[in-house]
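Everything on this sheet refers to the single structure shown next.
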Amino acid sequence: MEEQHAPAPWWRYGPWWSRYGPPWRGGPDDAQPRSGPRWPWRSTALFTAFVLIGSNFAGHGQQHRVPLDPYARVLLLAASLLLLWRHRHPVAVAFGTATVTLGYLAAGYPYGPVYLTVAVSCFSAVVAGHRRAAWVAVGLLWAGHALVALWLYRWLPPSGDKGAGLAQEIVIATWVLAVVALSELARVRREQWARERADRVEAARRRADEERLRIARELHDVLAHSISVINVQAGMGLALLDSDPEQARAALTTIKAASKEALGEVRQVLDTLRASGAAPRTPAPGLDRLPELVAQAAAAGLTVEVEGEPPQLPPGADLAAFRIVQEALTNVVRHSGSRHARVVFAHDGDALRLRIDDDGPATGADAGGSGNGLAGMRERAAALGGTIEAGPRPDGGFRVLAVLPSHLREDQ
């Protein structure tokens with residue numbers, strides 16, 4: 001059965017129009033993924049109705065202006081319908097609405113909601129990233145209106161019109177600056193929410209990568225150790241099958257125990273994949289299983305001498321220390337001609353110094369490990385703030401030295 005997840009709260013995904021489009025694009029049903037920008041039919045129809053009806057009311061209160069006629073309504077309708085293309089061609093729509101509005105005002109028709117079309121088109125242009133075009137469009141509209149109101153009014157309707165004062169032009173300039181400022185604020189907020197969404201996606205990807213690497217390390221450490229033991233015992237069993245059946249039987253018994261343990265640990269790792277967040281059915285291995293690890297190494301023909309007492313560590317550090325010892329002993333079995341290894345525990349202040357030595361000689365060019373095991377050990381140590389040093393000893397053999405913090409918070 002698929003795992004059910006509670007829906008995430010809305011504030012984790014930015015404003016509601018970042019998912020359903022801004023309010024001038026229509027409602028949620030317009031938010032279905034399609035090829036190309038969406039056509040904002042409903043919001044454009046709403047703006048058109050508001051401009052036409054509002055201009056009628058404005059005309060009744062401005063008797064000194066030219067009454068609305070069919071030509072005026074065509075201009076209002078054109079300015080409003082241009083908004084249909086504001087997502088596909090924001091620059092052209094910004095200049096188009098500014099030009100139509102300027103023609104409407106130059107004809108002497110009443111002031112009113114026609115300015116809304118310019119505000120919406122310039123807002124869309126700024127949010128889409130065409131800031132300079134939006135500024136130029138509203139700047140040209142303001143300059144054209146100032147030219148008409150301060151000079152050309154003598155030759156334009158309505159007859160007997162008086163020139164506008166400086167205060168009126170300041171009011172219009174303030175309106176233009178307010179539109180530009182709101183547009184810039186919306187653009188900045190939209191970019192901020194886009195960055196936040198990208199950061200959340202990157203954090204989720206990073207957590208997935210870390211979990212993938214953790215599982216890969218666990219599977220490598222479990223399988224490499226167990227299969228090495230199985231390989232050695234299988235070779236021994238084949239060699240002694242005819243000459244010493246009892247020793248061959250003991251080797252087969254060791255193979256059975258090692259494979260059963262490996263299957264159990266692999267199943268525990270896979271259970272965490274099937275049910276995310278579920279508690280493991282068995283505790284994670286730690287240094288308390290060191291005698292068992294020594295016995296498995298002995299079954300593979302490797303004598304392990306332990307010096308010092310394994311300390312009490314937090315679960316994360318305890319698992320890391322156990323896996324480091326396990327991988328180091330596995331490398332001795334696989335890559336060293338020595339049949340003797342030493343595991344030494346020592347404290348250095350607040351750090352645990354864990355040393356694994358063998359006397360060599362190496363049985364291949366990749367003595368000490370072919371790379372994945374040592375890389376996994378280094379990753380485990382680095383995740384806890386520790387270090388790993390691995391390499392040949394001056395007197396022969398190979399050494400792995402791990403320095404791990406011995407005092408860690410449980411949640412680290």
If the chain between Glu389 and Gln62 were fully stretched, how many nm would it gain, using 0.36 nm times the residue separation less the Cα-Cα distance? 109.0 nm
Spacing of the two label points (7 Å from each Cα toward its C-beta) at Ala143 and Asp199, in nm: 4.0
So, over other residues within a Cβ distance under 9 Å of Gly397, counting Lys, Arg +1 and Asp, Glu -1, the net charge is -2
Under the 7 Å Cα-to-Cβ spin-label approximation, Asp69 and Ala45 lie apart by a distance in nanometres of 3.2
Ranked by accessible surface with a 1.4 Å probe, highest first, in what order do Met236, Met377 come? Met236, Met377
Provide, as a two-decimal number, the C-alpha radius of gyration of region 66-126 over 2.2 N^0.38 Å, N being how many residues it has. 1.06
So, R0 is 22 Å and r is the distance between the beta-carbons of His340 and Glu211; what FRET efficiency does that work out to, to 0.05? 0.05
Alpha carbon centroid spacing (whole Å) that separates region 250-267 from region 193-211: 39
Could you give each residue of region 253-261 its phi-based ³J(HN,Hα) in whole Hz, using Karplus coefficients 6.51, -1.76, 1.60 with θ = phi - 60°, and x for Gly or Pro? 4, 5, 4, 4, 5, 5, 5, 5, 5
Could you tell me the accessible area of Leu105 in Å² (1.4 Å probe, neighbours in place), rounded to the nearest ten? 10
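The values are calculated or read from the model by the stated rules, or taken from the named source; none is laboratory data. Worth saying up front: this structure is predicted, and the values here are computed from it rather than measured. Virtual Cβ from ideal backbone geometry, glycine too; neighbours counted across all protein chains shown. For accessibility, only protein heavy atoms count, side chains too; no ligands or nucleic acids. Shrake-Rupley method; radii C 1.70, N 1.55, O 1.52, S 1.80 Å.
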